[in-house]
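Report on one structure; see the data block that follows.
The values are calculated or read from the model by the stated rules, or taken from the named source; none is laboratory data. Keep in mind that what you see is a predicted model, and the values were worked out from it rather than measured. As a convention, Cβ positions derive from the backbone with ideal geometry for all residues, glycine included, and neighbour counts pool all protein chains shown. Please note that ligands, DNA and RNA were not included when accessible areas were found on the heavy atoms of the full protein model with its side chains. Shrake-Rupley method; radii C 1.70, N 1.55, O 1.52, S 1.80 Å.
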Amino acid sequence: MREEQRLSVAGRFTAFGTGRIFAFVCAAALAGCAIVGPREEPAPRPPAADTAILVSDRIGPYQQVADALRTRLERATVYVLEGDLKAHHEVIRRLRDDEGVRVIAIGPPAARAAAAFSGRVVFCQYFYPDLSDGVTRTMRGVRATPPALKQLQAWKLLDPQLHRVLLVAGPGAREFVREAEAAAARLGIALDVNRVASDRELLYVTKRLAPEVQGIWILPDYRVLSIEALRETLAHALRHGRQTLVFNQQLLEYGGLLSAEGDPEDIAERVLEQLRAGDAAPRIAPLTRARVSVNLRVAQQLGLAVPEPLRGGVYVF
């Protein structure tokens with residue numbers, strides 16, 4: 001049984017529940033154009049069971065994950081939350097009447113709504129969830145950021161001479177920074193890590209790079225970064241011949257060299273694994289693949305020869 005229910009009420013959340021444009025941009029690039037490259041076969045369907053899929057909004061990144069989940073579930077109902085908290089509470093009230101229902105929450109607003117549900121909940125498309133931001137200890141999740149090693153492997157494929165990079169991270173990326181350091185060491189890349197707490201700090205550190213730093217790797221954190229600061233950072237880096245790895249395909253329009261995002265098919269598989277694992281599921285499950293896009297114009301401007309796998313739109317590592 002597949003059924004889609006839409007809740008239409010006044011007011012809308014931005015993709016990350018903030019008023020900043022950056023919040024939408026972060027989410028909007030978690031999904032994109034057609035994918036090329038190797039693809040794993042879908043895992044077997046889980047046992048038939050009623051599953052409620054809560055979608056924060058109808059933007060592409062969320063909708064594509066919902067679609068990927070529906071192809072893998074025999075019985076699923078999709079609820080699109082496009083309103084205020086009253087609408088969210090109404091969804092939870094309905095779900096409480098369905099004994100045994102499982103909940104998948106896509107995006108932060110949906111995760112916050114699902115926190116009131118006492119049953120099995122798995123969330124995704126949420127960059128830095130924590131207990132102070134609406135999730136509970138019993139909820140399980142899937143990381144929004146693709147593996148650091150996959151991202152750096154894509155960058156090294158584009159530029160085999162890459163040897164030193166500045167990683168810029170906000171306060172919410174501590175675990176990922178440790179993963180990035182290990183991945184960089186494995187690939188022979190010197191990684192300079194700089195944590196920023198504001199737009200001003202982002203601009204300060206990225207405009208005062210050591211000459212030997214070849215590129216800037218920017219991690220998402222809507223709490224401290226704005227789209228305006230990101231645009232200025234990318235434009236400045238390009239003018240000075242620096243490469244940039246960003247988390248959002250849309251940021252390539254502002255001078256980013258390449259972007260790395262989660263693959264909707266991979267996200268869907270990891271969500272279902274969390275559901276199957278039950279109480280044994282890890283708190284947050286990592287993704288296994290990265291979907292990479294290259295700005296061919298910027299690559300040419302920087303004198304980089306784009307290898308065949310990266311020339312055609314989007315490539316999944």
- Item | Where a residue in the stretch 194-209 is touching a residue at least 12 places away in the same chain (Cβ under 8 Å) and its partner, wherever it lies, is among the acidic types (Asp, Glu) and assigned to a helix (DSSP H, G or I), with Cβ under 7 Å and at least six apart | Leu203/Glu232
- Task: Can you confirm whether the stretch 291-303 contains a residue that is among the basic types (Lys, Arg), part of a loop (DSSP other than H, G, I, E, B) and within 20 Å of the chain's Cα centre (by Cα)?
- Result: no
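Residues are listed down the side, and each one gets a yes or a no for (1) farther than 17 Å from Pro220 by Cβ; (2) modelled with pLDDT of 95 or more; (3) in contact with a helix residue (DSSP H, G or I) (Cβ under 7 Å, 6 or more places away or on another chain); (4) among the β-branched types (Val, Ile, Thr):
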{"residue": "Val142", "(1), (2), (3), (4)": "no, yes, yes, yes"}
{"residue": "Pro147", "(1), (2), (3), (4)": "no, yes, no, no"}
{"residue": "Arg164", "(1), (2), (3), (4)": "yes, yes, no, no"}
{"residue": "Leu167", "(1), (2), (3), (4)": "no, yes, yes, no"}
{"residue": "Asn194", "(1), (2), (3), (4)": "no, no, yes, no"}
- For residues that are in contact with a His (Cβ under 8 Å, 6 or more places away or on another chain) and either of a type in the set (Asp, Glu) or outside any strand (DSSP E or B) (or both), scanning just the stretch 163-202, find the one that is surrounded by the fewest Cβ atoms within 10 Å (Cβ to Cβ). Gly188
- Task: Check off (1) open to solvent by 10 Å² or more (accessible area, probe 1.4 Å); (2) at pLDDT below 95; (3) part of a loop (DSSP other than H, G, I, E, B) for Ser132 and give me the number that stays unchecked.
- Result: (3)
- Message: For the stretch 135-162: of the residues being among the polar types (S, T, N, Q) and part of a loop (DSSP other than H, G, I, E, B), which is least open to solvent (accessible area, probe 1.4 Å)?
- Response: Thr145
